Amino acid sequence: MSTAIDAAQIRRRTQELLAAHPPATTGRTDFLQARFDAGLAWVHYPVGLGGLDASRSLQPVVDAELAAAGAPDNDPRRIGIGLGMAAPTILGYGTEEQKQRFLRPLWVGEEVWCQLFSEPGAGSDLAALGTRAVRDEGGDWVVDGQKVWTSSAHVARWAILIARTDPDVPKHQGISYFICDMTDPGVEVRPLRQITGEAEFNEVFLTGVRIPDSRRLGPVGDGWKVAQTTLMNERVSIGGARIPREGGMIGTVARTWREQPALRTHDLHQRLLTLWVEAEVARLTGERLRQQLVAGQPGPEGSGMKLAFARLNQEISGLEVELLGDEGLLYSDWTMRRPEIVDFTGRDAGYRYLRSKGNSIEGGTSEVLLNIVAERVLGLPVEPRNDKDVAWKDLAR
Amino acid sequence: MTAQTEAAQAPDLLYSEAEEDLRSAVRSLLAGRADAPAVIAGIESDTPYDLRLWESLAAGIGAAGLLVPEKLGGQGATHREAAVVLEELGRSVAPAPYLTSAVVATEILLALGAGDGPVAGLLAELAAGRKVAVLALPFSTPPADGAAAMTGTLERTVTGVAEAEAADVLLVPTADGLYAVETGGDGVAVQALVPLDLTRPLATVTLSGAAGTLLADAGPAAAAVSKGLLAGAGLLASEQLGLAEWCLTETVRHTRERHQFNRPVGSFQSLKHRMAQLWLEVVSARAAARNAADALATGSPDAPLAVAVAQAYCSRVAVNAAEECVQLHGGIGMTWEHPAHLYLKRAKADSIAYGTAGRHRETVAGLVELPAP
């Protein structure tokens, strides 16, 4: 829980950091390391691990002060998986040694992380995963299997990995959670080209990959529970970004509407207004969620935000392609590229239309999220299941 | 485009402790005096209004005077608190002339800005719950038509006036200005209509040789009437929110208990997804409704847009929630005995009140510069 550190103290520490390491004369990595060591990386993290045990709500004080001073940041979009998923899991389940080894280079961005969870045969039913981790005589783990939809795998130094360590128990019980070295010779990364033409993601083939037992996170067989921490953080990070009015895709289509009167039709006008209102309400809903978090009253609303944004992105970009007419028939470039970040605003409408199709699939399909809302928020009964008490090896696949 | 800069000042979208206390008081009053069987029995009696309920709500809790400053005899609260009262009234669909009198008529009188005289006198009566006043315009009139309503004379027939039967005073817009007309006086006829929504009676008002007190000239009256309608439309969103919440809660409760095929019907994904979707809409409607209430309370320049957005969104949510409530209840949802129909009728009528979603979208188009072809 947070100590008595307040905004004034945080501001003073930030100014001390800036005085000791002036951004103008300090290298980027040096500055970020000094920031981490000063506890100003993520102030809600423990002392010694880049934080000050302070309230999370004080982080904007640091960020604003550093931005005003022109200090470099750690380019959070490039290392989103490390920051949003690996770090909270390491913090929650890692040994002291693991925390000391991994968190600093993760936050600074010296070591990029990726996530080896989904498999061709385990998407929504992630717990059915079949990648095997078998313990050898020396106590190390040997991993064989295939992972898919892995962003950053081609640039990652480390991966968070879940694999099956016991096929003879029901699927949720036989999984363990590891930190996998992506430079291991048994790791093969292949680009996975998607409907946009580019390859944002990868397929990762694991063949005899050795992982020392010291890189296990949490107890053997407890990997599913550990993974829940990762996945909860994924959903928060996907739905949680703050946006100004007309800040999302609706802004792009609204600008086109204002600038190109010749494209306007009555049908498109009605649909545009409906979507504009829905986008504005989604923005307000996100704003209300943030106010609840700041007030210390977190609600279940977060579970719904990803659903809302997925649908809106798809409908708005679909409308935009139609609005553009002749131009909507064209596409900028089908060349297979390897983008480091997903940039909806820097690309053409066709790209937005195609890429946003993934918004209702990645990080939990909308159908699965609706089940989660129905069961965990509304308390509706779970669907009868026939997979909970069956050993993983006996499941149909 | 100035929208981005206007949005910089974030509205307060939460409920304060005092607002939650007010909610509890209103909710327990309504639970005690206006449960579903009582409302169903009332709508088929001579008068749907429970006068003791209105007295407790308006005077006992002081809800009628929330918008009125203390020096004019009110509670000195804001639209934020009135919105909470309306959420609870929407949840109960109890007939009470709150939106029409304690919000729209009261806001009009406040906008006329009189320290004493007939406006202040009437305000004090409304705030104390001793009198009810309604605006003599069709219930469907949107805020954008407020100025255009300043037409004609005191010799007129107005149809579709909400809660005129409960009113002691009519606020009548004419070309000369805004008049207050006592409903009990000569030359005033209030003829009840058969409304779709029996919990909010409608009437035809006929004025012929009626005496009226001129409250304001046409210029200031036009602005005041528009402001009253804006407050009405904005806080209607909170009524719609409360209504939608009731529909969702009852539907979840019913589908957890009702068994078919040896399972609770609420365990079927096709139903679960519809309720989860509805939950998302209710959560979103809450943000939109709170935004409108806060913008009205703070007198934000954003208020017309906040209200138009809230109405364009919440109308559909309330109707959808009530329609889903009927469908997911199955046969029992089609009966007169079950209260679902009260909510469906209220939701559908509310979607026309103070302008349809489509009218409010047109307002949005004007305010954010997205013109029609």
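Taking residues in segment A:261-277 that are within 7 Å of chain B (Cβ to nearest Cβ), and partners anywhere that are surrounded by fewer than 17 Cβ atoms within 10 Å (Cβ to Cβ), the pairs with Cβ atoms closer than 6 Å and at least 6 places apart or on different chains are A:ARG264/B:PRO373; A:THR265/B:PRO373; A:HIS266/B:PRO373; A:HIS269/B:ALA372. Here B:ASP50, B:ASP35 are screened, and the one residue that is among the charged types (D, E, K, R), under 26 Å from B:TYR354 (Cβ atoms) and open to solvent by 40 Å² or more (accessible area, probe 1.4 Å) is B:ASP50. Of everything listed in (1) in contact with a Leu (Cβ under 7 Å, 6 or more places away or on another chain); (2) part of a helix (DSSP H, G or I), the single unmet condition for B:VAL283 is (1). Among the residues making up segment B:70-88, those that are in a helix (DSSP H, G or I) and open to solvent by 10 Å² or more (accessible area, probe 1.4 Å) are B:GLU70, B:LYS71, B:LEU72, B:HIS79, B:ARG80, B:GLU81. The set of residues from segment A:1-55 being of a type in the set (Val, Ile, Thr), without any contact (Cβ under 8 Å) to a residue 24 or more places away in the chain and exposed (fewer than 15 other Cβ atoms within 10 Å of the Cβ) comprises A:THR25, A:VAL47.
Of all the listed residues (A:GLY363, A:GLY325, A:GLY346), the sole one being over 18 Å from the mean Cα position of the chain (by Cα), away from chain B (no Cβ under 14 Å) and of a type in the set (Gly, Ala, Ser) is A:GLY346. For segment A:145-188, filtering for residues that are in contact (Cβ under 8 Å) with a residue 60 or more places away in the chain and polar (S, T, N, Q) leaves 3. Screening B:VAL307 with (1) open to solvent by 10 Å² or more (accessible area, probe 1.4 Å); (2) within 19 Å of B:ALA288 (Cα to Cα); (3) of a type in the set (Val, Ile, Thr) gives one miss only, at (1).
Annotation: of all residues in segment A:368-383 being in contact with a Ser or Thr (Cβ under 8 Å, 6 or more places away or on another chain) and at the interface with another protein chain (Cβ under 7 Å from one of its Cβ atoms), the one that is surrounded by the fewest Cβ atoms within 10 Å (Cβ to Cβ) is A:VAL382. Within segment B:40-47, can one find any residue that is charged (D, E, K, R), at pLDDT 95 or above and either surrounded by fewer than 13 Cβ atoms within 10 Å (Cβ to Cβ) or within 27 Å of A:ALA295 (Cα to Cα) (or both)? Taking every residue of segment B:40-47 in turn, none turns out to be charged (D, E, K, R), at pLDDT 95 or above and either surrounded by fewer than 13 Cβ atoms within 10 Å (Cβ to Cβ) or within 27 Å of A:ALA295 (Cα to Cα) (or both). Selection of helices (runs of 4 or more DSSP H) fully inside segment A:260-372 by the criterion of at least 3 residues being closer than 25 Å to A:THR150 by Cβ returns A:302-324, A:349-355, A:366-372. Filtering segment B:9-31 to residues that are out of contact with any Leu (no Cβ under 8 Å at 6 or more places or on another chain), more than 14 Å from chain A (Cβ to nearest Cβ) and not basic (Lys, Arg) leaves B:ALA18, B:ASP21, B:LEU22, B:SER24, B:ALA25, B:SER28, B:ALA31.
Could you list all residues from segment A:209-236 that are small (Gly, Ala, Ser) and either part of a loop (DSSP other than H, G, I, E, B) or over 25 Å from A:ALA391 (Cβ atoms) (or both)? Of everything in segment A:209-236, those that are small (Gly, Ala, Ser) and either part of a loop (DSSP other than H, G, I, E, B) or over 25 Å from A:ALA391 (Cβ atoms) (or both) turn out to be A:SER214, A:GLY218, A:GLY221.
Is there a residue in segment B:247-263 that is over 25 Å from B:PRO118 (Cβ atoms), among the charged types (D, E, K, R), outside any helix (DSSP H, G or I) and more than 9 Å from chain A (Cβ to nearest Cβ)?
Taking every residue of segment B:247-263 in turn, at least one turns out to be over 25 Å from B:PRO118 (Cβ atoms), among the charged types (D, E, K, R), outside any helix (DSSP H, G or I) and more than 9 Å from chain A (Cβ to nearest Cβ).
Residues A:GLN314, A:GLN292: which one is closer than 22 Å to A:MET232 by Cα and either in the same structural domain as A:GLU259 (by TED's automatic domain parsing) or β-branched (Val, Ile, Thr) (or both)?
A:GLN292
Taking the condition of being closer than 17 Å to A:PHE205 by Cβ and either acidic (Asp, Glu) or open to solvent by less than 10 Å² (accessible area, probe 1.4 Å) (or both), how many residues in segment A:152-168 meet it? Qualifying residue count for the region: 6. Do we have any residue at all in segment B:52-62 that's basic (Lys, Arg), within 24 Å of B:SER351 (Cα to Cα) and in a helix (DSSP H, G or I)? So far as segment B:52-62 goes, no, none of its residues is basic (Lys, Arg), within 24 Å of B:SER351 (Cα to Cα) and in a helix (DSSP H, G or I). In segment A:56-94, which residues are open to solvent by 60 Å² or more (accessible area, probe 1.4 Å) and touching a residue at least 60 places away in the same chain (Cβ under 8 Å)? Listed by number, the residues that qualify are A:SER57, A:ARG77, A:ARG78, A:TYR93. Residues of segment B:275-297 include at least one that is farther than 30 Å from A:THR365 by Cα, more than 10 Å from chain A (Cβ to nearest Cβ) and of a type outside the set (A, V, I, L, M).
The values are calculated or read from the model by the stated rules, or taken from the named source; none is laboratory data. Bear in mind the structure is a predicted one, so any value in this text is a computation, not a measurement. Cβ sites come from the backbone with ideal geometry, for glycine too, and all protein chains shown count toward neighbours. We work out accessible area using only protein heavy atoms, side chains counted, and drop any ligands, DNA or RNA first. Shrake-Rupley method; radii C 1.70, N 1.55, O 1.52, S 1.80 Å.
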